[in-house]
Every structure is written in C-alpha cells, then in structure tokens.
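See structure below.
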Amino acid sequence: MSPLPEADPATRAFFTTWLDTFSSYVREVDYASARPLFHPEVLAFGTHRDVIAGIDTWKSAQWDNVWPRTADFRFNLEATRVLAANDASMAIVIAPWTSTGFHKDGEKFDRPGRATMVFHKSDAGWLCVHSHMSLNRGVPQDSHANRPVKAS
C-alpha cells in the first residue's frame with residue numbers, strides 16, 4: 001500500500017500559517033476577518049450542529065455559540081497533518097486544538113478538540129470548503145464566557 005499523500009513542505013507551511021491565522025480570529029472573535037478564508041457555500045458541522053451549508057448559517061449556528069463563550073483557541077501545529085492531492089487542487093488538514101471553557105461560575109476548564117478541514121485551490125487561491133470541528137469525548141459542551149464580538 002502506498003503512503004498517505006503528505007503535503008510538500010511549502011504546502012504544509014501554508015496551511016499551518018492558515019491555521020494560526022484562523023485561530024487568532026477565533027481568539028479575537030473576529031468573524032469579518034475569518035469569513036474570506038472559507039468558500040461562501042462551505043459545508044460544516046461540529047459539536048453544536050449537524051451539516052450546515054453556507055458561511056452565514058455556520059456563523060450564526062456555530063461560531064456565535066462558541067467563539068465569544070471560549071478563550072485561548074489554538075491549533076497544535078506540531079501534531080497537524082496535511083494531506084494533498086497530487087495535482088495540488090485539494091488538501092485536507094487534520095489538526096488537534098485546545099481552548100479554554102468556562103463553567104457558569106466562571107471557573108475555567110480545558111476544552112480540547114480536533115478538526116478536519118478540506119480545502120480547494122482555484123485561481124483565487126485556497127479556500128476551506130468543509131470543516132468539521134468537535135470537542136474531544138468527555139469535554140463539557142457548554143461554555144459560559146461572554147466576550148465581545150470584534151467584527152461581524
């Protein structure tokens with residue numbers, strides 16, 4: 001059997017930078033800056049929802065329920081895997097992440113999870129066309145911070 005189609009170093013570097021950039025937008029609750037990273041008709045699902053079609057629906061169904069209510073979101077870039085199609089038209093990123101959740105009383109708890117993201121490359125560059133982000137088993141789903149949204 002052939003090995004997994006690991007991305008070349010330049011492609012891997014692009015996607016680890018992408019993850020770092022996206023995670024900074026999550027930490028800042030900056031929806032406006034995050035939107036252009038995704039195809040407008042992105043298909044997504046995660047802890048709070050089944051399949052969601054479109055960036056606007058995803059933002060209201062998932063991002064609004066998570067980003068302002070958590071803190072410290074970061075991908076583990078060292079543990080991230082990047083797979084790429086031979087023709088460089090698609091890539092898949094598999095990445096664990098960490099964040100901080102908050103109980104109703106304000107007490108913090110570790111909130112780790114994992115993500116699989118599918119990217120398509122067109123003349124305009126790489127856009128995420130599918131995202132699945134979910135919490136690890138046993139992690140409380142609800143978090144109760146109330147951080148302000150920087151930009152919608």
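The values are calculated or read from the model by the stated rules, or taken from the named source; none is laboratory data. Keep in mind the model is a prediction, meaning the values are calculated, not measured. FYI the Cβ positions are ideal-geometry reconstructions off the backbone, even for glycines, and counts take in every protein chain you see. Heavy atoms of the whole protein, side chains included, go into the accessibility calculation; ligands, DNA and RNA do not. Shrake-Rupley method; radii C 1.70, N 1.55, O 1.52, S 1.80 Å.
Using a cutoff of 8 angstrom between alpha carbon atoms and counting only pairs six or more residues apart, the relative contact order for the stretch 91-152 works out to 32 percent.
Positive end of the dipole of the stretch 55-152, charges at C-beta (+1 Lys, Arg; -1 Asp, Glu), about the Cα centre: which of Ala145, Val93, Trp67 has its Cα farthest in that direction? Value computed over the given set: Ala145. Quotient of the Cα radius of gyration of the stretch 67-152 and 2.2 N^0.38 Å, N being its number of residues: 1.31. Estimated at 0.36 nm per residue, the fully extended path between Asp72 and Ala13 surpasses their Cα-Cα distance by 19.0 nm. Each residue of the stretch 60-72 is assigned a 3J(HN,Hα), and the resulting list reads 6, 8, 10, 4, 4, 8, 10, 4, x, 9, 10, 8, 6 Hz, derived from the Karplus form 6.51 cos²θ - 1.76 cosθ + 1.60 (θ = phi - 60°), x at Gly and Pro. Heavy-atom surface analysis with a 1.4 Å probe gives the chain a carbon and sulfur content of 52 percent of its accessible area. Ratio of Rg to Rh for the stretch 30-106: 1.01 [Cα atoms; Kirkwood radius as inverse mean 1/r over pairs]. Computed about its Cα centre, the charge dipole of the stretch 18-79 is approximately 100 debye, with only Lys, Arg, Asp and Glu carrying charge at their Cβ. Based on Cα contacts under 8 Å between residues 6+ apart, the chain shows a relative contact order of 27 percent. For the chain, a simple Cβ point-charge model (Lys and Arg +1, Asp and Glu -1, everything else neutral) yields a dipole of about 300 debye relative to the Cα centre. For Arg147, the solvent-accessible surface computed with a 1.4 Å probe is close to 60 Å², ligands and nucleic acids excluded. In the stretch 1-82, Cα pairs under 8 Å separated by at least six residues give a relative contact order of 35 percent. Leu37 contributes about 30 Å² of solvent-accessible surface, heavy atoms of the protein only, 1.4 Å probe.
Each part reduced to its alpha carbon centroid, the stretch 1-48 and the stretch 94-152 end up 11 Å apart.
Expressed as an acute angle from 0 to 90° and rounded to the nearest 10, what is the orientation of the C-alpha long axis of helix 9-28 relative to the principal long axis of the chain? Orientation of helix 9-28: about 20 degrees from the principal axis. A dipole drawn for the chain from +1 and -1 charges on Cβ atoms has a positive end, and of Ile52, Ala10, His39 the residue lying farthest that way is Ile52. Take the chain with all the other protein chains still there, run a 1.4 Å probe, and you get 55 Å² of accessible area per residue. Build a GNM of the chain with springs between Cα atoms under 10 Å apart, and of His39, His130, His103 the one that fluctuates most is His103. Multiplying each eigenvalue of the alpha-carbon gyration tensor of the chain by 5 and taking the square root yields semi-axes of 27, 17, 13 Å, largest first, rounded to whole angstroms.
Remark: the His144-Asp50 segment gains 31.7 nm on full extension, using 0.36 nm per residue and subtracting the alpha carbon distance. The residue among Ser134, His103, Gly113 whose Cα reaches farthest toward the positive pole of the charge dipole of the chain, with charges on the beta-carbon of Lys, Arg, Asp and Glu, is His103.
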